[in-house]
Amino acid sequence: SPVRKAYGNSSYGYFWWTMDYEINGKNYHCKQGRGAGGQFIFMFPAQDLIAVVTAHNKGMGDMLHTLPQRLIPAFDGER
């Protein structure tokens, strides 16, 4: 559960983040585990989709924003 509003449309609570993404005019709710250097767990409950990413980037890299934009259309039937 969100405990604190973070930035934009994201919230944080108990080591987990929540964030909503707008992709092709639709909103997608995502729960995330985030680690340094690009370690992520993306969970999209409505799509029954979980993606785990391991990377080595300085900082978070751009994966936080690019993965949902590329992944969701492939699993939601929209291209």
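The values are calculated or read from the model by the stated rules, or taken from the named source; none is laboratory data. Here the structure is a predicted model, which means the values were calculated and not measured. Here Cβ is always computed from backbone atoms with ideal geometry, including for glycine, and neighbour counts include all displayed protein chains. Protein only, heavy atoms only, side chains kept; ligands, DNA and RNA dropped before computing areas. Shrake-Rupley method; radii C 1.70, N 1.55, O 1.52, S 1.80 Å.
Distant-in-sequence amide contacts of LEU49, defined by a placed amide H-H separation under 5 Å and a gap of 5 or more residues or a different chain, comprise PHE44.
Remark: the chain carries 67 Å² of accessible area per residue (probe radius 1.4 Å; ligands, DNA and RNA excluded). Exposed loop sites were defined as chymotrypsin sites (Phe, Trp or Tyr not before Pro) in DSSP loop states (anything but H, G, I, E or B) carrying at most 11 other C-beta atoms within 10 Å; in the chain the longest segment without such a site runs 16-79.
Give me the percent of accessible area attributable to carbon and sulfur for the chain, probe 1.4 angstrom. Taking all protein chains in place, the chain shows 55 percent carbon and sulfur surface.
In order along the range 9-18, the phi-based Karplus estimate (6.51 cos²θ - 1.76 cosθ + 1.60, θ = phi - 60°) of 3J(HN,Hα) comes to 10, 10, 9, 9, x, 6, 6, 10, 10, 10 Hz; Gly and Pro are listed as x.
Rounded to whole Å, give me the distance from the Cα center of the range 42-63 to that of the range 14-36. Cα centroid of the range 42-63 versus Cα centroid of the range 14-36: 9 Å apart. Rounded to the nearest whole Hz, the Karplus-based 3J(HN,Hα) values (6.51 cos²θ - 1.76 cosθ + 1.60, θ = phi - 60°) of the range 25-35 follow the sequence x, 10, 9, 10, 7, 9, 10, 9, x, 10, x, with x at glycine and proline.
Here the spin labels are modelled as points 7 Å beyond Cα on the Cα-Cβ line, and at PHE75 and ILE41 they lie 1.4 nm apart.
Here the relative contact order of the chain, from alpha carbon pairs under 8 Å that lie six or more residues apart, stands at 18 percent.
Put simply, the amide H of GLY38, placed in the peptide plane, has neighbours under 5 Å in ASN57, leaving out anything fewer than 5 places away on its chain. The amide H of ALA6, built 1.01 Å from its N in the peptide plane, has SER11, TYR12 as neighbours under 5 Å, considering only residues 5 or more places off or on other chains. Consider the candidate values (1) 62; (2) 56; (3) 71; state which one is percent of Cα pairs over 15 Å apart computed from the structure displayed. Checking each listed value against the structure points to (2).
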